[in-house]
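Accompanying notes for the structure given below.
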Amino acid sequence: MNKKNTEYLINRKDNQYEVVIGLEVHAQVLSESKLFSSSSTKFGAEPNTQVSLVDAAFPGMLPVINEFCIKQAIKTGIGLNAKINKRSVFDRKNYFYADLPQGYQISQFKDPIVGEGKVILDMPNGQKEVGIERLHLEQDAGKSIHDLDPHNTFVDLNRSGVALMEIVSKPDLRSPDEVNAYIKKLRSIMRYLGTCDGNMQEGSLRADVNVSVRPKGSKEFGTRCEIKNVNSIKFMQMAIEYEANRQVDLIEEGKTIDQETRLFDTKKNETRSMRSKEDAHDYRYFPDPDLLPLEVSEKFIEELKNDIPELPDDKKKRFIEEFKLSPYEANILVSDIDTAKYFEEVVAKMGKNKDIKLAVNWITGELFAVLNSKGLEISQSPVSAKNFAILINLIKNGTISGKIAKTVFELMIDGDKDPQKIVEEKGLKQQSDPKALEALIDKIINDNREKAIEYKQGKEKLFGFFVGQAMKASGGKANPQLINEILKKKL
Amino acid sequence: MSDITKQSLTELVENIKKKKLSSTDVTKAFIRRSEKSSELNAYITDDFTSALDKAKKFDQNPNLDLKLPGIPMAVKDLFCTKNVKTTAGSKILNNFVPTYESTVTENIWNEGAILLGKLNCDEFAMGSSNETSHFGNVQNPIDKNLVPGGSSGGSASAVAGQLTPITIGTDTGGSIRQPASFTGIVGLKPTYGSCSRYGIVAFASSLDQAGPMAQNVKDCALLQEVISTYDPKDSTSINFKRNHYSKELTKNIKGKKIGIPKEYRVDGMPKEIEDLWQKGIQYAKDCGAETIDISLPHTSYALPTYYIVAPAEASSNLARYDGVKYGYRAKGENLIDMYEKTRSEGFGAEVQRRIMIGTYVLSSGYYDAYYLKAQKVRKLIKNDFDEAYKKVDAILTPSTPSSAFKIGEKTNDPVSMYLNDIFTVPVNLAGLPGISIPAGHDTKGYPLGLQIIGKAFDEQNILNIAFAMEEKINFKNKITDWWIK
C-alpha cells in the first residue's frame, strides 16, 4: 500500500474501510518524588527501596498532593493548547490487585485537571489537527513479577504512587502513520516542557489504543476495541494494523465486533481478547475523601504560562522565517528539543558570516550518521556545537573543501578536537593559490596530451578525469572550484 | 497518697507539678488498678512494663513545663503507636505493629504523657456497643453485662472505671459521645479538620475525628488543647487559630443563645430522655443562657445518609487489608482465593456487612441513587445547621435516645443498634464539634448524657457551656468497683 499522500484504507473486494483510532497515553510526570508521597521516582532502583508508608498503604497513612506534579500537568495542558480546569477532583478507582496496595488507584474521573485541547501533526500531505479530550493525573501501580519463582508472585512497589498523566485523544487518528506522528509530537512537546522524559524503554510513555473501523464515507463510528498498555510506537502500529484487519474480516464475514479489551502479543503479532464489556470492572469511582478538591488560581496558571518555553510549533515557524529553512528541514530540527538546542548553538557560534543551510545539511547528514552508528543521543554528541560551528565556517570560508571536511570531522569525533588545529597539524588546508594550481595543471595536461586532444575533439567526459588527476596530485587539498576554472581555461 | 486513680487529670497534673506525686506513683497506681480490672476487658494490649520505665525516666529529670507531665494514658487501639501492636479491634490486624506514630498520640507524648496500653473498640470502629471487637466485649463499669457503648467502648470503660485518667477516642457517627453518655463521662468530638487523622486506622475518612474522653470538662479541654494541631500530613487538617481551651475555659455563658431542635423529639423516645432534655434546658437557663426553639428539618434523613456515606468510604478504606503486605493472611489456591479467605476470616460480620453495603451503594447503576443522593442530603443537613447558627450560638440535645443496654440485647438487630447514633450522626455529617456531658440517671441508675453542638471551630464555646452546666448538674457517677475482687 502506498501510504504517502494517500488515505489509509483497508480494501476487501469492493469495500473500503476507514480506521478510527483514539489513544490514551500514559506519560510519567518528570518529578523527583511521587504524586502523593515524598519517595523517589528514580528508575532502575533495587525492588522496594523507593516505597514510603503511604505508597505501601499502611493503616492510617494519608496522601498529600505533590504540588510540583500539579504544575507539570498544568504545563503539559498549556503545551496541548488545552483548557486548564481551576477545580479538579481526585477520585478513587477501586479494584483489587496484588501490586495495588491501597486497593484503589487515586485518579481523576469526572473532573480532570486539564480539559479539551489540540495538537498539530505535520503529515506528508499537510497538517492535521488532533483533538485532546482531557488530561488527568493518576497514580501508577506497583509491578507484579511472576517469573522469579514457580509458585509465588513477587511485588515491587517502587513504581507504586508514581505520578502519571493520562492524555486522552479524540478519535481523530486515521492511520498507523498518524499514530506515529501523534506520539512523537506529544513526546516532543512534553520534552520541551520538561514534564515527561518520553522514555518508552523505561515505560515513561505507554498507551492504550482504541481501534474501530467503518465503511469509507460513513459518519458513524464502529464498535471499538481497546488494546491495553502498548509500550512502543512500532507495536502500536502493528497492533492497529492487525486489529483493524481483524475487525474488517469480521464485518466481511457478516459477524459483529464485540466491545472488549484486548492485549497485543508482540511475539505472535496479534491481539487477543482480555475481557469483554460484560466482564469489565466496576471501579466504583468516588471522590477520594482524603483529598480536598484541587483548586488552582488564575494567577497560579498565569505564572506557569510565563514559564513555558518556545514549543516545537513556534520554533518551527521561527526557524523557517529567521533561518530561511524549508518546513521539512525545520521539522527535523525542532522535533527533538536537544537537536533544536544543538542547532541553535551551532548557529550562534558560527558568528556573522554563517552558512545556515550548510550547517543544517551537516547536522542532518554527517552528525546524525555518526550518532546513529554510535547509538548516541544528540545531547551526548562527541562533537560539541562550538567545534561543529568552526568546522562549518572552515568550509564556508574556503579553508577546507567539503571532502576534506569529512576527513576532519572523522578526526574530531575522538575527543571533540578543534577542527582548526586538525587542519593545521595535518596540513589539510585547501590549495587556493591560482599560480601553484596552474603549474600543477600544466604538468597534468603535459603528462596526458592524448587525453587532452580527445577532450578538445569533443569527449567531454574526460573533464572529470582531469579534475580527478588534479585533486589526486594536490593530495585532495586543491580548491575544486579553482581547479574547474583553470582546467576550462587551459583545455 | 491514696486514691490516686480517683483524681482527675487536672488534679494529677497539679500534684505532679507540685511534686506531691511522681510520675512513677501515678503510673503504678493506674497499672495496679488496670491489672485488677481485667474483667472489664478494656485493654487489647497493655504496655505496662514500658510505661513504668518511661515514668521512672521522667522522674529522673522531670520537665514540669509540659501540659501532661508524666501522666500515664491508655488510648483507643485505632491510633497507630510506634512499636506497639495496633489492631483496630480486628483479627486482620492482630499481628500488626506500626513503625510510626499517629500525629494525635505523638502530640500527647510530646507533652509528657506515657502510653499505658491500647484500649478495646469495635472492629474498625464499626459498632455502638463494642460487641464487634475481635477481642471480646467490654464491660461497662456502671453495671455487669452492660455495654459501654461504642465504638470507643474500651476508652469509655477505662476512664469511667479509672483505669486511665483520661483517654482519646475516635468519633465517626457518635463513637466518642455515645459511649461517654453510656458510662457517665465527658466526650468531645472536635470539628472535622481540628485533629489530624494521620496514623489513625481509617473507617470513614470524611467523618472520622479523634477527640478526648475525660472525667470532667476541664480535663477534656486540656487534652483537646494538646491533640488539636494543624498537620500538613493530613490534607483535610485545617489551619485555623486554635484556642488555649483549658486556660480560656469559663463558666460565664450569660446571654448565650442555645437552640433546641424540635426534630430531635423522635418517635418512641423514652420519657426519661425527654425529661433529661427538659432538665438540661433549665440548667442552661440557670447558667444565664437563653434557649430558643429551632428547626433542623432534614434531621430524619441523617441516619440513612450516614449509613450510605460511611460504609461507602469504609468499603474502599478497608480494601488495603488484603493479606498481601501486612496483617492476617489466609492460605489460598491463588490470589483471588487468598483475598477471599483472608477477608472472610479476618473481618467480623459487622465489618463485612458494611463493606457490602458500601460496595453496593458505589456500584455503577446505584451510585446516583445512593451515594450521590446521600452527598446531596448531607449538604442539606449542613445547611440546616448553618441556618440555625444564624440565630443561636450552640444547640442542646440528648446524646442518645436511651441509656446503656445489656450485652447481646441488640446484636441481632443492626437497625436498632444503628438507631443509637440518631442524635450524634448529624453532627459528623455537618463536620461540627459536639460534646456529651453526663447529666442524669435513668430509672435503673444508668447515666444519661446531654449533647452540646457548636459552630465549626467553636470548641471553646461548647466547652464553656459544658463547663457551666457541669457545675449546675453536679453529676456523680455511681461506680461500685463491682468487677474488682
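The relative contact order of segment A:310-426 comes to 21 percent, based on Cα pairs under 8 Å that sit 6 or more residues apart. The helix-based estimate of mean residue ellipticity at 222 nm for chain A, built from -39,500 (n - 2.57) per DSSP H run of four or more residues and divided by its residue count, is -11500 deg cm²/dmol to the nearest 500. Each other residue within a Cβ distance under 12 Å of B:K325 adds +1 if Lys or Arg and -1 if Asp or Glu, for a net charge of -1. For chain B, the share of DSSP beta bridges that are antiparallel, to the nearest 5, is 70%.
In degrees between 0 and 90, to the nearest 10, how far off the longest principal axis of chain A does helix A:434-447 point, with axes built from Cα atoms? Helix A:434-447 and the main axis of chain A meet at about 70 degrees.
Going from the residue with the fewest nearby Cβ atoms within 10 Å to the one with the most, B:H298, A:H136 rank B:H298, A:H136. Taking the longest Cα principal axis of chain A as reference, the axis of helix A:176-193 is set at about 90 degrees. A simple charge model with +1 on the Cβ of Lys and Arg, -1 on the Cβ of Asp and Glu and nothing else charged puts the dipole of segment A:310-426 at about 400 debye relative to its Cα centre. Other residues with beta-carbon under 9 Å from the beta-carbon of B:T132 carry, at +1 per Lys or Arg and -1 per Asp or Glu, a net charge of -4. One quarter of the surface of the convex hull around the alpha-carbon atoms of segment B:93-236 equals 7.9 nm², the direction-averaged projected area. Computed over chain B, the range of Cα coordinates on each principal axis works out to 63, 53, 45 Å, biggest value leading.
By the Cα gyration tensor, the protein assembly as shown has an equivalent ellipsoid whose semi-axes, rounded to whole angstrom, run 77, 31, 25 from largest to smallest. Based on C-alpha pairs under 8 angstrom that are at least 6 apart in sequence, chain A has a relative contact order of 13 percent. Net charge of the neighbourhood of A:L294, taken over other residues with C-beta under 11 Å away and scored Lys/Arg +1, Asp/Glu -1, is -2.
For segment A:193-308, the normalised intensity computed at q = 0.22, 0.23 Å⁻¹ comes to -1.18, -1.23 (log10 of I(q)/I(0), Debye sum over alpha carbons, equal scatterers, no solvent). Relative to the dominant Cα principal axis of chain A, helix A:462-473 is inclined by about 90°.
This model, with +1 at the C-beta of Lys and Arg and -1 at the C-beta of Asp and Glu, gives segment B:351-473 a dipole about its Cα centre of some 400 debye. Distance between the modelled labels on A:R449 and A:D414, one decimal in nanometres: 4.7 nm (7 Å Cα→Cβ projection). Spin-label model, A:N306 to A:K489: label points 7 Å out along the Cα-to-beta-carbon direction sit 6.4 nm apart. Farthest towards the positive end of the charge dipole of the protein assembly as shown, among the residues A:A98, A:P63, A:A369, is the Cα of A:A369, using unit charges on the Cβ of Lys, Arg, Asp and Glu. Taking segment A:145-185 and a reference point 7 angstrom along Cα→Cβ of A:T49, the backbone N atoms nearer than 15 Å belong to A:156-159.
For segment A:265-323, rounded, prolate or oblate, judged on the Cα gyration tensor with a ≥ b ≥ c (square roots of eigenvalues), a/c < 1.5 rounded, else prolate if a/b > b/c? Oblate, since a/c reaches 1.5 and b/c is not below a/b.
Considering only B:S34, B:G149, A:A27, whose Cα is most displaced toward the positive end of the charge dipole of the protein assembly as shown, charges sitting on Cβ of Lys, Arg (+1) and Asp, Glu (-1)? Among B:S34, B:G149, A:A27, the one farthest towards the positive end of the dipole of the protein assembly as shown is A:A27. For B:G127, the residues whose amide H sits under 5 Å from its own are B:S151, ignoring neighbours fewer than 5 places away on the same chain, with H placed 1.01 Å from N.
Applying the Karplus relation 6.51 cos²θ - 1.76 cosθ + 1.60 with θ = phi - 60° to segment A:208-216 yields 3J(HN,Hα) values of 9, 10, 9, 10, 9, 10, 7, x, 3 Hz, where x marks Gly and Pro.
Near the amide H of A:I227, within less than 5 Å, lie the amide hydrogens of A:V209, A:N210, A:V211, A:R262, all on another chain or at least 5 residues away, with H placed in the peptide plane. Take each residue in A:390-400, count the other chain C-beta atoms within 10 Å of its C-beta, and the mean is 0. Given in Å, the Rg to one decimal and the Dmax to the nearest whole number for the Cα atoms of segment B:416-485 are 14.8, 46.
Rounded to two decimals, the Cα radius of gyration of chain A over 2.2 N^0.38 Å is 1.28. The mean number of Cβ atoms from other chains found within 10 Å of a Cβ in peptide B:319-328 is 6, as a whole number. Per the Kirkwood formula applied to alpha carbons, segment B:73-127 shows a radius of gyration over Rh ratio, Rg over Rh, of 0.97. I need the calculated FRET efficiency for the pair A:K317 and A:K459, taking r as the beta carbon distance and R₀ as 56 Å, to the nearest 0.05. Efficiency at R0 = 56 Å is approximately 0.60.
Projecting the Cα atoms of B:L188, B:F58, B:F240 onto the charge dipole of the protein assembly as shown (Cβ charges, centred on the Cα centre) puts B:F240 farthest toward the positive pole. In the distance distribution for segment B:347-485, Cα-Cα pairs more than 22 Å apart total 56 percent.
In straight-distance terms, cross-link reach from A:K461 covers every one of the lysines whose alpha-carbon lies under 26 Å from its own, apart from those fewer than eight places away in the same chain; here that gives A:K403, A:K435, A:K443, A:K451, A:K472, A:K477, A:K488, A:K489, A:K490. Computed about the Cα centre, the dipole magnitude for segment A:434-490 is approximately 40 debye when only Lys and Arg (+1) and Asp and Glu (-1) carry charge, each at its Cβ.
Annotation: amide H of A:L173 within the under-5 Å range of A:I21, sequence separation 5 or more or interchain, hydrogens built in the peptide plane. Between A:Q481 and A:K386, the modelled labels are 2.9 nm apart [label points 7 Å from Cα along Cα→Cβ]. Neighbouring Cβ atoms from other chains, within 10 Å of the Cβ of residues in A:283-296, number 5 on average. The calculated FRET efficiency for B:K233 paired with B:D275, based on their beta-carbon distance and R0 = 45 Å, is about 0.45. Rounded to the nearest whole Hz, the Karplus-based 3J(HN,Hα) values (6.51 cos²θ - 1.76 cosθ + 1.60, θ = phi - 60°) of segment B:160-169 follow the sequence 4, x, 6, 8, 8, x, 6, 7, 10, x, with x at glycine and proline. Computed from the Cβ-Cβ distance with R0 of 45 Å, the FRET efficiency linking A:R87 to A:K396 stands at 0.20. Along segment B:450-464 the Karplus relation, 6.51 cos²θ - 1.76 cosθ + 1.60 evaluated at θ = phi - 60°, assigns HN-Hα couplings of 10, 10, 10, 9, x, 6, 4, 6, 9, 3, 4, 5, 6, 5, 5 Hz to successive residues, with x for each Gly and Pro. For chain B, the mean residue ellipticity at 222 nm estimated from helices alone is -10500 deg cm²/dmol, where every DSSP H run of n ≥ 4 contributes -39500 (n - 2.57) and the total is divided by all residues, rounded to the nearest 500.
Here, each number is a calculation from the coordinates, and none is a lab measurement. As the structure is a computational prediction, the values presented were derived from the model and not from experiment. Using ideal geometry, Cβ is built from the backbone for each residue, glycine included, and neighbour counts are taken over all protein chains shown.
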